[in-house]
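Following: one structure in structure tokens, then a few remarks.
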Amino acid sequence: MSQAPHAALFELLDIAGEDAMECAALLDRAPSGHVLEALELLQERLGTFPADSISPDRIWPGQPVESVWIEALLRFAPRVHAYHLKLGISTDVSAATLADVGLQLRINRRVHGHFGLDTWSWLTLHMAGNLFRLGPVAIPFDPEPV
């Protein structure tokens, strides 16, 4: 499994090493029906202002979903990046925001000793296109400030 076809994506998401190899394996196959459903859910939320992340129990209750969502997040990230750029968000801010995917993969590997993404649900907020990393903090854009 070559990482080369995914180099730009992995750079955007700050994914390297063993995590990049595992992510390449997910992307080198055709997306499953579950992944396509997850992509539809992410697309429905793009440009909206969801208060909550997608719940693990929302779809496919009782089934393992982590790898489905990892793959969906990987496949959807370029759409979010394009959406950010369309809004005038700088490439640097968009990349810093989306790099949380790679950060969370690394944290998962450190904590559990293997590839995974316990925080996939939280990352669905990033994929709505309105959460931005500014320095060490991820700040949600609120169209109706208090």
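Laboratory data are not the source of any read-out in this text; all were calculated from the coordinates shown. The shown structure was predicted, so the numbers you read here are calculated from the model rather than taken from an experiment. For neighbour counting, all protein chains shown are included, and Cβ atoms are generated from backbone atoms with ideal geometry for every residue, glycine included.
Take each peptide in 27-38, 113-124, count the other Cβ atoms within 10 Å of every residue, and average; sorted highest first, the result is 113-124, 27-38. Full extension of the chain segment joining Glu40 with Ile107 gains 21.4 nm, where the gain is 0.36 nm per residue of separation less the Cα-Cα distance. Close amide-amide hydrogen proximity is noted between Phe132 and Ile139, Phe141, each under 5 Å apart and 5 or more residues distant or on a separate chain (H modeled in the peptide plane; Pro and chain starts excluded). Straightening the chain between Asp118 and Ala25 buys 31.6 nm, computed as 0.36 nm per residue apart minus the Cα-Cα spacing. Note on Ser32 and Ala51: the extension gain reaches 4.1 nm, defined as 0.36 nm multiplied by sequence separation minus the Cα-Cα distance.
Which net charge results when you count Lys and Arg as +1 and Asp and Glu as -1 among the other residues whose beta-carbon is under 10 Å from that of Leu13?
On the way: positive: none; negative: Glu11, Asp14, Asp19, Asp100.
Residues close to Leu13 contribute a combined charge of -4.
Shape verdict for segment 1-100, please, from the Cα gyration tensor: rounded (a/c under 1.5), prolate (a/b greater than b/c) or oblate. Walk me through the numbers before you get to the answer.
On the way: a/c = 1.95, a/b = 1.05, b/c = 1.86.
Because a/c hits 1.5 or more and a/b fails to exceed b/c, segment 1-100 counts as oblate.
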